[in-house]
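Accompanying notes for the structure given below.
The values are calculated or read from the model by the stated rules, or taken from the named source; none is laboratory data. In this text, all values refer to a predicted model and were calculated from it rather than measured experimentally. Please note: Cβ atoms are built from the backbone with ideal geometry, for glycine as well, and neighbour counts cover all protein chains shown. For the accessible areas, the whole protein counts, side chains as well, though only heavy atoms, and no ligand, DNA or RNA atoms are used. Shrake-Rupley method; radii C 1.70, N 1.55, O 1.52, S 1.80 Å.
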Amino acid sequence: MAHPQTGSPAVATPQPPSLTPWHTLPAEAIRTALDAGPDGLPAAAAARLATAGPNTVHTQPPPGPLALLVAQFNSLIVWILCGAALVSGLLGEWLDLTAILAIVVLNALVGFYQEYQAGGAIAALQKLTSPQARVRRDGAIRLIPAAEVVPGDLIVLEAGDLVPADARLIVAASLRCVESALTGESEPADKRPDDLSEADLPLGDRVNMVYTGTSVATGTGQALVVATGMDTEVGHIAGLIEGAEQTTETPLQQRLEAFSKHLVWVSLGIVAVVFVLGWIRGLPTLALFLTAVSLAVAAIPEGLPAVTTVALAAGVQRMARRKALVRHLPAVENLGATSVICSDKTGTLTMGEMTVRVLAVADHALTITGLGYAPAGEILDGSSPPAGAVAEHVRDLLTILAVCNDAHLVEKDGAWTVSGDPTEGALLAAAVRGGLNLADVAATLPRVGEFPFDSDRKRMTVIATTSDGRRVFVKGAPDVMLPLCVSIRAEGGIRPLTDADREKIHAQVAAMGDQALRVLGGAWRDLTAADTVATPAAVEQGLVFAGLAGLYDPPRPEAKDAVARCQAAAIQTVMITGDHVQTALAVGRDLGMVTADSQAMTGQELDALDDAALKLRVAHITVYARVTAQHKLRIVRAWQANGGVVVMTGDGVNDAPAIRGADVGVAMGITGTEVTKAAADLIITDDNFATIVAAVEAGRGIYGNIRKTLQYLLSGNLAEVLVIAVAVMVGLPMPLVPIQLLWINLVTDGLPALAMATDPLEPGLMSEPPRSRTERLTDR
């Protein structure tokens, strides 16, 4: 059947692909299912676009200004005040009416302003969509808007591209994708068009798939689009964010609501008693109404909403000075009740930047100081810098790692970033820390040939010219490099590589692996004039083994102390990451989160539990690994079902649903994606986990200030009630009319209460356990 406008063959649109395990299907089966040819779709795919819809994430409009304003009046204290104002108006007491309504409106405007600034989590997901995409249609590569990509399109990927849709790889050459925002893994993931059979593989292990919003670090590839728009993994996350809205009130809101209900019944009881006594004594009905209004006004702490808002606002300012920006006022108080902090690993508990931790050369294991890409630090052998032959061996290994490298270190405004593969950037930083000048290395060893890294060879080879001829430099996985080596650079010089040497190197690799380090080896050899460089096999032989480099994403220096402070305050810390379980456990041990009694769980194991079983086990699990966005949200919900007040922190798109669903969602301000920031209640501007702990302390202090302020207001209001009640009972004239009571409550009660609400933090707040959700604001 032809398309009615173009005459081109119509392209059928398959059913929504979100439930299909595309990574388990062969390429030809996917082409058949999507009705796509080997040269892509026909040039005119308008029919499919019309049916499948644009490749965009749907957004829900935020609540309108009117709805937000009306929501500010959803408080029992506000309703009581409005009722008192109504009675005052009916009795012609216009000054009373005006004063009461002024308090109500002022409080509503403050709350409205705060909430009007929030919103936009779903809309921010659209920023992850590449504005342009290269697709192959009718055999020709075309550049089209990413929104027009449809299932069945053959997309063409190159280094630096954002992936426009979820797609199954058909062809890949040295392809590596940065998926940290989606999976939580700090290293780029190797991608290859393998056939996979396991249907429930974690997202990070699906090497034959590329996903919307991730980026291509190196290599090229072509992939068949299997999902667009809301059917993509990012679209799925958007749906989770929509359904992850906080459904519970904050502990303070719950306590104020309960307190207000008690206050209503006590006030009504006093009013009823006084009214009956006055009626028995024959007082005029109008006078009794005025008395009832006076009693209601006297009993209600009119300044409480304003004082609460001021206390929270003062906390917001205090936290802003400590690098924590609050987007929702109730989150400040909620922080003070925190009993659980669930944190992403990459970029939150760790630096989010790969760093070379250990170099192993010539029977020496050397530690490198300095974190991230900033080339500052030094290499230490024991307690002193290496000297003599060891130093030469170090320079040889670092030279290999610097020459076999396509990344660049970039400094801007005092901050260092890497252009290219993050792992290669870490190797360059290590080379600089070891005393190498990268410009001199490039000038003295110009590259004349290379065989790029690929997932089959697991190594990269560069041929460079030296003053004596040509030299081959090889960097890659030790297990595939050792069989290519015949010699080793030992402390006494170059000598043949023995079986004992190989065993020792394997033991070093295993020891580094136990520390969750990613291990790379370096080797080299000189070429003769007769040597050919036509193939990798021709040059990657007869190598001299130079040493090993162990890399990791280091814990943040301040995170360990912050975790200890949480433990002292009886706050449970939980790591939730998309990384491998061994890596997560190693980081957890470094931070003091993991003990002998700690348990770890993977996403696959979590899938085997229903919500009831997870609720029973969640309190015993410290580390979750290889988890998805949906898993993170389930973990947060399980803690909440056990009565916990949960803080969820993170920086990636995959953290956004759990951040939105937690009692307090915290996003990292520097490394956090726009999606995560928009979903959060709190943004940490220095990406410092310790700042979250400081915010919890501030929240505890704010609650304490509100509590003592409430007790002060009640004591004053109780005295007013007793004065009026006693006057009516003994037949004295009304001592205070409603407007006078309002004046007393606002001036002699309200202003001192405001001072109490802004008191500085009391010492020892973080040595106490979190308060219970059921704890009362006041006692007898």
task = Report whether or not Glu775 is more than 22 Å from Leu325 (Cα to Cα) and modelled with pLDDT under 80.
result = yes
**Request:** Answer with yes or no whether Asp561 is in contact (Cβ under 8 Å) with a residue 24 or more places away in the chain, at negative phi, open to solvent by 10 Å² or more (accessible area, probe 1.4 Å) and acidic (Asp, Glu).
**Result:** yes
- Is it fair to say Arg660 is more than 11 Å from the chain's Cα centre (by Cα) and charged (D, E, K, R)? no
Looking at the structure I just gave you, is Ala439 outside any strand (DSSP E or B), within 27 Å of Thr535 (Cα to Cα) and free of Cβ contacts under 8 Å to residues at least 40 places away in the same chain?
no
Given the conditions (1) open to solvent by 30 Å² or more (accessible area, probe 1.4 Å); (2) under 25 Å from Val271 (Cα atoms), every one holds for Ser772 apart from (2)
Over the range 646-662, the set of residues in contact with a strand residue (DSSP E or B) (Cβ under 8 Å, 6 or more places away or on another chain) and closer than 18 Å to Phe689 by Cβ is Val646, Val647, Met648, Thr649, Gly650, Asp651, Asp655, Ala658, Ile659, Ala662
Note on the range 325-346: residues farther than 20 Å from Ala619 by Cβ and either aromatic (Phe, Trp, Tyr) or out of contact with any strand residue (DSSP E or B) (no Cβ under 6 Å at 6 or more places or on another chain) (or both) are Arg327, His328, Leu329, Pro330, Glu333, Gly336, Thr346
Selection over the range 565-575 where residues are surrounded by fewer than 19 Cβ atoms within 10 Å (Cβ to Cβ) and more than 15 Å from Asn688 (Cβ to Cβ) yields a count of 3
| said: For the structure I just gave you, tell me whether Ala172 is of a type outside the set (S, T, N, Q), within 26 Å of the chain's Cα centre (by Cα) and on the phi < 0 side of the Ramachandran plot. | reply: no
Inset, instruction - Test Thr748 against the criterion of being of a type in the set (S, T, N, Q), in a helix (DSSP H, G or I) and either open to solvent by 50 Å² or more (accessible area, probe 1.4 Å) or in contact with a Leu (Cβ under 6 Å, 6 or more places away or on another chain) (or both), and give yes or no. - result: yes
Counted residues in the range 157-175 being open to solvent by 20 Å² or more (accessible area, probe 1.4 Å) and either hydrophobic (A, V, I, L, M, F, W, C) or out of contact with any Phe, Trp or Tyr (no Cβ under 6 Å at 6 or more places or on another chain) (or both) come to 9
Some residue of the range 683-690 being surrounded by fewer than 17 Cβ atoms within 10 Å (Cβ to Cβ) and under 30 Å from His328 (Cβ atoms):
yes
Residue set Ala619, Ala625, Ala600; condition in contact with a strand residue (DSSP E or B) (Cβ under 8 Å, 6 or more places away or on another chain), surrounded by 19 or more Cβ atoms within 10 Å (Cβ to Cβ) and not β-branched (Val, Ile, Thr); output residue Ala625
Checked pairs for the range 401-429, first in contact (Cβ under 8 Å) with a residue 12 or more places away in the chain and more than 22 Å from Gly547 (Cβ to Cβ), second open to solvent by less than 40 Å² (accessible area, probe 1.4 Å) and among the acidic types (Asp, Glu), C-beta under 8 Å and 6 or more apart or across chains, list as Val418/Glu424
In the range 274-289, anything in a helix (DSSP H, G or I) and open to solvent by 80 Å² or more (accessible area, probe 1.4 Å) is listed as Trp279, Ile280, Thr285, Leu286, Phe289
Requested in this report: With the condition kept exactly as written, say whether any residue in the range 571-578 is at pLDDT below 90 and not aliphatic (A, V, I, L, M).
Outcome: yes
Of (1) at pLDDT 90 or above; (2) closer than 24 Å to Lys458 by Cβ; (3) touching an Asp or Glu at 6+ places or on another chain (Cβ under 9 Å), Gln541 fails just (3)
Being on the phi > 0 side of the Ramachandran plot, of a type in the set (Gly, Ala, Ser) and buried (at least 19 other Cβ atoms within 10 Å of the Cβ) narrows Gly547, Gly592 down to just Gly547
Review point. Yes or no: Leu359 in a strand (DSSP E or B), at pLDDT 85 or above and surrounded by 23 or more Cβ atoms within 10 Å (Cβ to Cβ)?
Key: yes
